[in-house]
Amino acid sequence: MTIKTIFLDRDGVINIDRGYLYRISDFEFIEGVFDACLHFHHLGYKIIIISNQSGIGRGYYNENDYHKLNEWMLAQFNNKSIKILDTFYCPHSPLLLCECRKPRPGMFLEAKDKHNISMEKSWMIGDRDTDIKAANLAGVTNTILVRSGHITNESNSNSRFITDSIKQSKELIGL
Ligand SMILES: [Zn+2]
(Lines give C-alpha, C1' and ligand atoms only; values in the text may rest on other atoms or scores of the structure.)
Protein backbone atom coordinates (compact mmCIF):
# COMPACT_ATOMS: atom_id res chain seq x y z
CA MET A 1 0.00 0.00 0.00
CA THR A 2 1.29 3.42 -0.92
CA ILE A 3 0.09 6.75 0.43
CA LYS A 4 -0.46 10.04 -1.37
CA THR A 5 1.06 13.16 0.05
CA ILE A 6 0.96 16.92 -0.18
CA PHE A 7 4.54 18.07 0.21
CA LEU A 8 4.72 21.61 1.58
CA ASP A 9 7.63 23.97 1.68
CA ARG A 10 7.56 25.94 4.95
CA ASP A 11 8.77 29.55 4.67
CA GLY A 12 6.64 31.43 2.13
CA VAL A 13 4.01 28.69 1.93
CA ILE A 14 2.95 27.95 5.53
CA ASN A 15 4.31 31.10 7.13
CA ILE A 16 5.39 34.54 6.02
CA ASP A 17 9.03 34.31 4.94
CA ARG A 18 11.03 36.68 7.12
CA GLY A 19 14.40 35.18 6.12
CA TYR A 20 16.28 32.72 8.37
CA LEU A 21 13.31 32.56 10.68
CA TYR A 22 13.72 30.64 13.95
CA ARG A 23 11.90 32.62 16.65
CA ILE A 24 8.35 31.56 17.49
CA SER A 25 7.45 35.24 17.94
CA ASP A 26 8.42 35.90 14.29
CA PHE A 27 6.34 33.02 12.93
CA GLU A 28 3.09 34.12 11.29
CA PHE A 29 0.84 31.63 9.50
CA ILE A 30 -0.27 32.62 6.01
CA GLU A 31 -4.02 33.04 5.79
CA GLY A 32 -5.91 29.92 4.77
CA VAL A 33 -3.20 27.35 5.65
CA PHE A 34 -5.27 25.41 8.17
CA ASP A 35 -8.36 25.39 5.99
CA ALA A 36 -6.34 24.11 3.02
CA CYS A 37 -4.69 21.36 5.08
CA LEU A 38 -8.05 20.17 6.41
CA HIS A 39 -9.22 20.01 2.80
CA PHE A 40 -6.18 17.89 1.87
CA HIS A 41 -6.94 15.56 4.79
CA HIS A 42 -10.52 15.17 3.60
CA LEU A 43 -9.23 14.17 0.17
CA GLY A 44 -7.09 11.46 1.80
CA TYR A 45 -3.69 13.13 1.54
CA LYS A 46 -1.01 12.98 4.21
CA ILE A 47 0.99 16.19 4.71
CA ILE A 48 4.78 16.36 4.84
CA ILE A 49 6.87 19.53 5.24
CA ILE A 50 10.19 19.76 3.41
CA SER A 51 12.35 22.84 3.92
CA ASN A 52 15.84 24.18 3.39
CA GLN A 53 17.18 25.55 6.67
CA SER A 54 20.62 26.74 5.65
CA GLY A 55 20.45 29.30 8.49
CA ILE A 56 21.77 26.41 10.60
CA GLY A 57 24.79 25.80 8.37
CA ARG A 58 25.40 29.53 8.08
CA GLY A 59 25.44 29.82 11.88
CA TYR A 60 22.38 32.11 12.22
CA TYR A 61 20.56 29.63 14.48
CA ASN A 62 21.11 26.06 15.60
CA GLU A 63 19.35 22.71 15.31
CA ASN A 64 17.79 23.18 18.72
CA ASP A 65 16.25 26.51 17.63
CA TYR A 66 14.85 24.77 14.56
CA HIS A 67 13.33 21.93 16.59
CA LYS A 68 11.79 24.28 19.15
CA LEU A 69 10.02 26.24 16.43
CA ASN A 70 9.06 23.04 14.60
CA GLU A 71 7.48 21.51 17.72
CA TRP A 72 5.52 24.69 18.35
CA MET A 73 4.32 24.81 14.72
CA LEU A 74 3.24 21.16 14.81
CA ALA A 75 1.26 21.86 17.98
CA GLN A 76 -0.59 24.69 16.21
CA PHE A 77 -1.54 22.31 13.40
CA ASN A 78 -2.54 19.69 15.94
CA ASN A 79 -4.82 22.21 17.68
CA LYS A 80 -6.70 22.50 14.37
CA SER A 81 -6.94 18.69 14.03
CA ILE A 82 -4.28 18.65 11.32
CA LYS A 83 -1.67 15.93 11.54
CA ILE A 84 1.66 16.61 9.83
CA LEU A 85 3.00 13.14 9.01
CA ASP A 86 6.65 14.18 8.98
CA THR A 87 9.02 17.12 8.55
CA PHE A 88 12.33 17.04 6.71
CA TYR A 89 14.89 19.83 6.69
CA CYS A 90 18.30 20.42 5.19
CA PRO A 91 20.60 22.17 7.71
CA HIS A 92 23.51 22.55 5.32
CA SER A 93 25.15 25.60 3.82
CA PRO A 94 24.77 25.71 0.01
CA LEU A 95 28.58 25.49 -0.17
CA LEU A 96 28.46 21.85 0.95
CA LEU A 97 26.62 20.79 -2.22
CA CYS A 98 24.70 18.16 -0.23
CA GLU A 99 22.09 15.83 -1.69
CA CYS A 100 19.29 17.13 0.55
CA ARG A 101 19.22 20.86 -0.19
CA LYS A 102 16.53 21.70 -2.74
CA PRO A 103 16.70 21.75 -5.79
CA ARG A 104 18.29 18.35 -5.12
CA PRO A 105 15.61 15.70 -4.49
CA GLY A 106 17.23 14.02 -1.45
CA MET A 107 14.59 14.91 1.15
CA PHE A 108 11.75 13.86 -1.16
CA LEU A 109 13.39 10.51 -1.87
CA GLU A 110 14.00 9.95 1.83
CA ALA A 111 10.33 10.68 2.54
CA LYS A 112 9.25 8.38 -0.27
CA ASP A 113 11.23 5.43 1.10
CA LYS A 114 10.30 6.08 4.72
CA HIS A 115 6.54 6.36 4.14
CA ASN A 116 6.02 4.38 0.92
CA ILE A 117 4.66 7.35 -0.99
CA SER A 118 3.21 7.27 -4.48
CA MET A 119 4.97 10.24 -6.06
CA GLU A 120 2.62 10.11 -9.07
CA LYS A 121 -0.38 10.76 -6.81
CA SER A 122 1.37 13.37 -4.69
CA TRP A 123 1.71 17.16 -4.93
CA MET A 124 4.31 19.77 -4.06
CA ILE A 125 3.41 23.33 -3.07
CA GLY A 126 6.36 25.75 -2.97
CA ASP A 127 7.25 29.40 -3.47
CA ARG A 128 10.55 28.88 -5.28
CA ASP A 129 11.50 27.18 -8.48
CA THR A 130 13.96 25.10 -6.46
CA ASP A 131 10.92 23.50 -4.77
CA ILE A 132 9.43 22.63 -8.14
CA LYS A 133 12.73 21.31 -9.52
CA ALA A 134 13.38 19.11 -6.49
CA ALA A 135 9.86 17.68 -6.68
CA ASN A 136 10.20 17.00 -10.41
CA LEU A 137 13.55 15.25 -9.89
CA ALA A 138 11.91 13.02 -7.28
CA GLY A 139 9.04 12.11 -9.62
CA VAL A 140 6.40 14.55 -8.35
CA THR A 141 4.93 16.23 -11.43
CA ASN A 142 1.89 17.76 -9.72
CA THR A 143 3.35 21.07 -8.60
CA ILE A 144 1.96 24.42 -7.52
CA LEU A 145 4.08 27.55 -7.32
CA VAL A 146 2.57 30.09 -4.93
CA ARG A 147 3.11 33.85 -4.88
CA SER A 148 2.91 34.16 -1.09
CA GLY A 149 6.68 34.10 -0.51
CA HIS A 150 9.68 34.52 -2.74
CA ILE A 151 9.09 36.52 -5.93
CA THR A 152 9.97 34.27 -8.82
CA ASN A 153 10.12 34.64 -12.59
CA GLU A 154 6.91 32.87 -13.50
CA SER A 155 7.67 32.67 -17.22
CA ASN A 156 10.65 30.43 -16.46
CA SER A 157 8.79 28.19 -14.04
CA ASN A 158 8.27 24.50 -14.70
CA SER A 159 5.40 24.41 -12.25
CA ARG A 160 2.18 22.79 -13.41
CA PHE A 161 0.13 25.53 -11.74
CA ILE A 162 0.83 28.99 -10.35
CA THR A 163 -1.51 30.55 -7.82
CA ASP A 164 -1.59 33.25 -5.14
CA SER A 165 -1.24 31.13 -2.03
CA ILE A 166 -1.95 27.77 -0.43
CA LYS A 167 -5.52 29.00 0.03
CA GLN A 168 -6.12 28.92 -3.74
CA SER A 169 -4.29 25.60 -4.15
CA LYS A 170 -7.40 24.01 -2.63
CA GLU A 171 -9.16 24.62 -5.93
CA LEU A 172 -6.45 22.79 -7.90
CA ILE A 173 -6.00 19.65 -5.84
CA GLY A 174 -8.57 16.92 -5.95
CA LEU A 175 -10.17 17.90 -9.22
ZN1 LIG B 1 21.56 19.21 3.00
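Of note:
- Counting lysine pairs in segment 63-175 whose alpha carbons fall under 20 angstrom apart, excluding pairs fewer than 8 residues apart on the same chain, gives 16.
- When a 1.4 Å probe is rolled over the protein heavy atoms, the share of accessible surface on the chain that falls to carbon and sulfur comes to 49 percent.
- Residues in segment 105-149 that a label on Ser155 would reach, taking backbone N under 14 Å of a point 7 Å out along Cα→Cβ: none
- Compactness of the chain - radius of gyration and Dmax, Cα, Å: 14.8, 43
- Burial ranking of peptide ranges 45-55, 144-154, 26-36 (average Cβ count within 10 Å, highest at the top): 45-55, 144-154, 26-36
- Within-12-Å neighbourhood charge of Gly57 [Cβ basis; K, R +1; D, E -1]: +1
- Counting only protein heavy atoms and a 1.4 Å probe, the chain has 49 square angstrom of accessible area per residue.
- Compared with the alpha-carbon gap, the fully stretched path from Asp113 to Asn79 is longer by 9.4 nm at 0.36 nm per residue.
The values are calculated or read from the model by the stated rules, or taken from the named source; none is laboratory data. These numbers come from a predicted model, not from an experiment. FYI the Cβ positions are ideal-geometry reconstructions off the backbone, even for glycines, and counts take in every protein chain you see. Accessible surface is based on the protein model in full, side chains and every heavy atom, while ligands, DNA and RNA are left aside. Shrake-Rupley method; radii C 1.70, N 1.55, O 1.52, S 1.80 Å.
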